[in-house]
1. Counting pairs of alpha carbon atoms under 8 Å apart in space and at least six apart in sequence, what relative contact order in percent does the chain give?
2. Among the listed pairs K57/K107; K8/K125; K57/K125; K11/K107; K66/K125, which have their C-alpha atoms separated by more than 21 angstrom in this model?
3. Label points 7 Å out from Cα along the Cβ direction at D110 and E130: separation in nm?
4. Give me the orientation-averaged projected area of the Cα convex hull of the chain, in nm², one decimal.
5. With each pseudo-label sitting 7 Å past Cα toward Cβ, what's the V65-V21 distance in nm, one decimal?
6. Run the quick spin-label model on S84 and T52: label points 7 Å from Cα toward the beta carbon, then report their separation in nm to one decimal.
7. Cut-off is 10 Å between beta-carbons; in what order do S69, S24 appear when sorted fewest neighbours first?
8. Can you tell me the mean projection area, over all orientations, of the convex hull of the range 86-134's alpha carbons? Units nm², please.
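Please treat every number below as a calculation from the coordinates, not as lab data. Not measured: the values here are computed from a predicted model. For neighbour counting, all protein chains shown are included, and Cβ atoms are generated from backbone atoms with ideal geometry for every residue, glycine included.
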Amino acid sequence: MLGISVIKDLKYSDTHEWVKVDGSSATIGITDHAQDHLGDVVYVELPEVGTTVAQGKGFGAVESVKATSDVNSPVSGEVVEVNSELTGSPGLVNASPYENGWIVKVKMGDTGELNSLMDSEQYSKFCEEEDAQH
């Protein structure tokens, strides 16, 4: 787990996505742990603005030299913005997973869904347990 950063004020899913909440807006990306496991990201498949996403369901994908991984939405709602920077610079997901490498912004339909997500401490523990199994 050394060197993997987990940001305090974010919420996390068990499929390694993070959510930064601002009112009813949620910025979503993949965690440092996820990008570390994927390796060098070469392509990010982004949804269209206006797409409806559902909690736990896939809305895009991150392709690395090793594997392609679906990106699942930690919350339900409507995609209001996508990070078009990733089209030309997919490596931002590796270099800056919590800042410049965000993937989409979603207008949440139900903020209550956030209660089913993990906080940073729970997520750190989850990653340690998951890594111990591999």
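1. Relative contact order for the chain comes out at 30 percent.
2. K57/K125; K66/K125
3. Spacing of the two 7 Å Cα→Cβ label points: 2.3 nm.
4. Average projection, Cα convex hull of the chain: 7.3 nm².
5. Result for the modelled spin labels: 3.9 nm.
6. Simple spin-label model gives 2.6 nm for this pair.
7. Working: S69 20, S24 13.
Lowest count first: S24, S69.
8. Averaged projected hull area, Cα only: 5.2 nm².
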